[in-house]
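Asks: First the structure, which I've put down as structure tokens, then a few questions once you've had a look.
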Amino acid sequence: MYRYDEFDRTFVAERVTQFKDQVTRRLAGDLTEDQFKPLRLMNGVYLQLHAYMLRVAIPYGTLDSAQMRRLAHVARTYDRGYGHFTTRQNIQYNWPSLEDIPAILDDLAEVEMHAIQTSGNCIRNVTADHFAGASADEIADPRPYAEILRQWSSLHPEFSFLPRKFKIAVTGAPNDRAAIQVHDIGLQVVRDEDGAIGFAVYVGGGQGRTPMIARKIRDFVPEADLLAYCEAILRVYNLYGRRDNKYKARIKILVHETGIERLKSDIEAEFERIRHGVLALPDEEVRRIETYFAPPAFETLPAHSVRLETAMKTDRALSDWVSQNTHAHRAEGYRIVTISLKPPGGIPGDASADQMDAVAAIADAYGHNEIRVSHEQNLVLPHVKLDDLPEVFAALQKAQLADANAGLVTDIIACPGMDYCALATARSIPVAQEISERFAGPQRQQDIGPLKIKISGCINACGHHHVGHIGILGVEKKGEELYQITLGGSGDEEAAIGTIIGRGFSGDRITDAVEVIVNTYLHLRKGPEETFLAAYRRVGDDPFKEALYGENAQWPWAV
Amino acid sequence: MQNIYRDGRFDPDIWTLVADDEPLPEGGHALIGKARWLEERDVLAKSRLSLGLALAAGDTLDDVVADLPRFSVIALEFPKFADGRSYSTARLLRETHGFKGELRAIGDVLIDQIPLMRRCGFDAFAISNEPTRRALEAGHFPDVPYYTQPIADRGEVPAGTRPWLRVPAAPAPPVR
């Protein structure tokens with residue numbers, strides 16, 4: 001993975017010094033809270049319900065075991081012994097004190113980590129496919145491009161006070177695991193007819209209170225023009241994006257109100273002006289950055305592992321876990337492993353310091369020292385030998401990280417909600433906990449098959465409910481928490497915004513409602529191979545509405 | 001008269017910002033808005049005034065591009081420090097339209113944003129915020145002088161092997 005050179009090290013160190021000075025001036029009263037706020041946000045420091053929150057950047061979700069150990073150290077030393085992995089592949093600490101934050105930033109800087117631009121109205125941490133460099137369906141590893149974008153966007157002098165936050169995601173594969181169509185800019189690596197690498201560019205996706213799927217603005221931007229094209233988009237957005245209303249300030253609203261064709265002509269005109277300037281990417285530089293992301297030297301191995309298959313025959317838990325939590329790897333004899341951070345009844349995305357250390361040790365021993373954070377709030381070991389899977393599973397079991405539920409009904413995304421967040425209008429963690437307990441039975445989960453439940457505690461949609469197959473939005477109504485259900489959302493290459501199914505449910509009925517929906521699906525599906533999403537797309541809302549609200553509703557309290 | 005920070009020191013300001021509904025002075029240096037310039041261009045061009053252009057955040061350049069060489073100063077407004085439109089306008093003026101005169105930041109101009117403004121092409125700053133004035137007078141310039149993206153070839157030299165990295169060609173403004 002990318003290694004900092006002297007320049008990056010000095011850059012991060014200077015940035016920490018700059019922030020310390022800003023904290024000092026805030027405490028001395030030279031900066032008002034209004035003036036200080038965007039500065040601390042650009043360093044990842046939020047003021048939440050109970051305490052400050054620090055969000056640490058994990059660029060494109062890639063980290064090594066030394067960095068993971070340092071995250072554990074921060075959790076242990078400055079927080080309450082755990083951290084929370086987020087849907088933007090970052091980690092949040094919920095209980096640091098403001099005085100400790102400069103020390104935390106120093107500790108992080110020692111392992112090339114920081115909190116730059118994890119918040120604020122700037123270009124946020126660039127995210128990428130968590131299977132990058134390992135999956136079999138990839139055209140090119142998206143991380144070199146994400147790294148180039150990270151460098152270009154870090155403390156960008158022109159784009160540090162945008163109308164609103166700006167999120168970029170990159171996928172290198174046609175199967176989109178990075179949800180690029182719900183980002184401000186989504187980039188998909190493609191090849192043109194001559195085989196040259198470039199990008200299909202999507203603009204104006206986003207969730208929040210006005211969810212929109214991004215529009216494709218260009219089929220092919222040549223690799224060398226990546227930064228020039230992004231800069232053209234950002235400049236047009238910075239100049240013309242709305243600033244009168246923060247809820248209408250994202251680029252998706254500009255796309256919607258201006259129209260994609262008009263916006264495209266502005267962007268293309270700006271692009272033509274700058275494309276041959278200082279931002280043109282020299283080929284040799286892209287290739288050089290690529291070498292940092294070169295895959296490890298894979299051994300030549302048979303496609304099957306007798307050792308693993310023998311172990312799976314006698315160990316049902318291992319066998320379930322291998323079939324559910326490991327994925328096809330580009331190299332024979334290897335698998336990609338998903339480490340679930342979704343134990344039944346647990347808090348989605350939370351990991352204790354001990355668990356982080358355990359993952360680091362497993363990555364050292366069996367995973368080429370590589371770890372990924374997925375936007376689905378799990379961890380990933382991208383390169384594990386089939387032969388080693390029994391040991392990896394045993395070590396994960398010991399750390400209570402061996403739940404075989406990746407992609408299943410209990411693999412829930414949830415925002416922190418009212419338990420932590422100052423914006424939230426309802427709790428989301430307890431809802432996730434109750435649903436995951438209700439469906440905890442391994443057999444039942446497997447029978448239900450792939451199903452993504454996503455829960456947000458307010459309309460800002462940090463829990464991605466709009467793109468959940470079943471989405472749950474918590475709102476506050478007359479002092480009560482009310483949970484609204486959407487169906488049919490999806491964040492992949494066939495992205496869709498879910499449809500609201502009807503009136504909401506109270507906190508003590510939402511799990512029952514989800515169960516009714518799941519049971520309805522099980523009854524109407526053509527067979528186990530028809531997933532929830534496929535079945536929903538075939539039959540639409542009606543059967544689910546009928547089951548939830550109709551005269552013959554399957555539960556007594558529905559009407 | 002406000003003092004202007006440029007080249008590492010405060011200078012007395014010879015320019016007067018004239019609102020659109022104010023009468024023009026007889027002579028001297030006047031910064032006028034875009035609407036007035038477009039409306040009274042012919043008269044103004046013949047007057048004895050030295051003219052500068054003051055652009056509000058969000059003013060486009062389209063209809064004044066041909067006139068830019070007439071102005072020795074262009075002032076760009078930051079109505080609030082968090083309104084970043086004028087950063088883009090500054091770069092367009094410098095890099096696309098080759099404006100060589102003084103580019104001045106006016107409005108809510110604060111110490112923590114001045115290093116960003118400078119990189120975008122501003123070279124003069126109208127300061128009304130007291131802590132900002134004190135900090136600049138003390139030689140304080142909170143820049144991170146390691147830039148991970150190129151802006152233009154103005155005032156910055158490439159650093160090391162990565163072609164888009166930059167460091168300032170000259171150190172931050174000297175302490176006075």
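Any read-out appearing in this document is the output of simple, stated calculations on the displayed coordinates, not a laboratory observation. Values in this document were obtained by computation on a predicted structure and should not be read as measured data. Virtual Cβ from ideal backbone geometry, glycine too; neighbours counted across all protein chains shown.
Asks: Tell me which residues come under 5 Å, amide H to amide H, from B:S128 once H is placed; ignore anything under 5 positions away on its chain.
Replies: B:V109
Asks: I want to make sure I understand the PRE zone here: with the label point 7 angstrom from the Cα of A:R3 toward its beta carbon, which residues in the range A:107-145 have backbone N atoms less than 16 Å away?
Replies: Counting only backbone N, you get A:111-113.
Asks: Now, a different point. Would you report the distance distribution of C-alpha pairs in the range A:409-523 as whole percents per 10 angstrom bin, up to the bin with the largest distance?
Replies: Taking all Cα pairs of the range A:409-523, the binned fractions are 16, 50, 30, 4, 0 percent.
Asks: Hey, can you grab everything whose amide H is under 5 Å from the amide H of B:S72? Only 5+ residues off in sequence or another chain; H modelled, so Pro and N-termini drop out.
Replies: B:L51
Asks: Along the charge dipole of the protein assembly as shown, pointing to its positive end and built from +1/-1 on Cβ of Lys, Arg, Asp and Glu, which listed residue (A:G133, A:F36, B:P69) has its Cα farthest out?
Replies: The one lying farthest along the dipole's positive direction is A:F36.
Asks: While we're on this one: Sequence gap at least 6, Cα distance under 8 Å: using those rules, report the relative contact order of the range A:345-407 to the nearest whole percent.
Replies: For the range A:345-407, the relative contact order is 30 percent.
Asks: In peptide A:146-159, what is the residue-averaged number of other protein chain Cβ atoms found within 10 Å of each Cβ?
Replies: So the per-residue partner count for this stretch is 5.
Asks: For A:G61, what is the net charge nearby, where nearby means another residue's Cβ is under 10 Å from its Cβ and Lys, Arg count +1, Asp, Glu -1?
Replies: +2
Asks: Once amide H atoms are built 1.01 Å from N in the peptide plane, which residues 5 or more positions from A:Q400, or in another chain, come under 5 Å H to H?
Replies: HN-HN under 5 Å from A:Q400: empty list.
Asks: I've got another one for you. Along the charge dipole of the protein assembly as shown, pointing to its positive end and built from +1/-1 on Cβ of Lys, Arg, Asp and Glu, which listed residue (A:Q117, A:V190, B:V157) has its Cα farthest out?
Replies: My answer, from the dipole projection, is A:Q117.
Asks: Taking only the C-alpha atoms, wrap a convex hull around the range B:1-144 and report its volume per residue in Å³ as a whole number.
Replies: Output value, Cα hull per residue: 110 Å³.
Asks: Okay, moving on. Name the shape class, rounded, prolate or oblate, that the alpha-carbon gyration tensor gives for the range A:480-525, where a ≥ b ≥ c are the square roots of its eigenvalues, rounded holds for a/c under 1.5, and otherwise prolate holds if a/b is larger than b/c and oblate otherwise.
Replies: oblate
Asks: Using alpha-carbon positions, what is the distance between the centroids of the range A:330-382 and the range B:1-72, in Å?
Replies: Cα centroid to Cα centroid, the span is 60 Å.
Asks: Then there is this: Loop-only trypsin sites (Lys or Arg not before Pro) in the range B:1-87, please: DSSP not H, G, I, E or B, and at most 14 other Cβ atoms within 10 Å.
Replies: B:R48, B:K80
Asks: In addition: With a Förster radius of 51 Å, plug the Cβ-Cβ distance of A:K313 and B:D63 into 1/(1 + (r/R0)^6) and report the FRET value to the nearest 0.05.
Replies: It comes out at approximately 0.05.
Asks: Please state the shape class of chain A: rounded when a/c is under 1.5, otherwise prolate if a/b exceeds b/c and oblate if not, all from the C-alpha gyration tensor.
Replies: Verdict is rounded for chain A.
Asks: For chain A, what relative contact order do you get, as a whole percent, if you take Cα pairs closer than 8 Å and at least 6 residues apart?
Replies: Over chain A, the number comes to 12 percent.
Asks: How big is the dipole moment of the range B:21-74 about its Cα centre under a simple scheme where the beta carbon of each Lys and Arg is +1, that of each Asp and Glu is -1, and everything else is neutral? Debye, nearest 20, please.
Replies: 240
Asks: To the nearest 500 deg cm²/dmol, what mean residue ellipticity at 222 nm is calculated for chain A from DSSP H runs of n ≥ 4 alone, each contributing -39,500 (n - 2.57), summed and divided by the residues?
Replies: Only helices count here, giving -11000 deg cm²/dmol.
Asks: What are the trypsin sites (Lys or Arg not before Pro) within the range A:453-559 that DSSP puts in a loop, where the Cβ has at most 11 other Cβ atoms within 10 Å?
Replies: Hits after loop and neighbour filter: A:K478, A:R503, A:K526.
Asks: Now for a different question. With +1 on each Lys and Arg Cβ and -1 on each Asp and Glu Cβ, how big is the dipole of chain A about its Cα centre, in debye rounded to the nearest 20?
Replies: 1500
Asks: Hey, another quick one. May I ask you to evaluate 6.51 cos²θ - 1.76 cosθ + 1.60, the Karplus curve with θ = phi - 60°, for each residue of the range A:343-355 and list the ³J(HN,Hα) values in order in whole Hz, giving x for glycine and proline?
Replies: Once rounded to whole Hz, the list reads x, x, x, x, 9, x, x, 7, 9, 7, 4, 5, 5.
Asks: Applying the Karplus parametrisation 6.51 cos²θ - 1.76 cosθ + 1.60 with θ = phi - 60° to the phi angles of the range A:284-295, what ³J(HN,Hα) value in whole Hz is obtained for each residue in order, glycine and proline being reported as x?
Replies: 5, 6, 4, 5, 5, 4, 4, 5, 5, 9, 4, x
Asks: Taking chain B as the reference, fit the longest principal axis to its C-alpha atoms, fit the long axis of helix B:34-46 to the helix C-alpha atoms, and give the angle between the two in degrees, 0 to 90, nearest 10.
Replies: Tilt of helix B:34-46: around 60 degrees.
Asks: Could you tell me which residue out of A:Y366, A:G333, A:M356 lies farthest along the dipole of the range A:325-379 toward its positive end? Charges go on the beta carbon: Lys and Arg +1, Asp and Glu -1, centred on the Cα centre.
Replies: A:G333
Asks: Still on this structure, I have one more. Give me the Debye-computed log₁₀ of I(q)/I(0) at q = 0.20 Å⁻¹ for the range B:33-115, equal point scatterers on Cα only, no solvent, two decimals.
Replies: -0.91
Asks: Further question: Just from its helices, what would the mean residue ellipticity at 222 nm be for chain B, if runs of 4 or more DSSP H residues each count -39500 (n - 2.57) and the sum is divided by every residue, rounded to the nearest 500 deg cm²/dmol?
Replies: Rounded to the nearest 500, it is -5500 deg cm²/dmol.
Asks: Which ³J(HN,Hα) values in Hz, rounded to whole numbers, follow from the phi angles of the range A:212-228 under the Karplus curve 6.51 cos²θ - 1.76 cosθ + 1.60, where θ = phi - 60° and Gly and Pro get x?
Replies: 9, 7, 5, 9, 6, 9, 7, 6, 8, 10, x, 3, 4, 9, 3, 6, 4
Asks: Determine the distance separating the Cα centre of the range A:384-435 from the Cα centre of the range A:498-559; give it in Å without decimals.
Replies: Taking the Cα centre of each part, the range A:384-435 and the range A:498-559 sit 24 Å apart.
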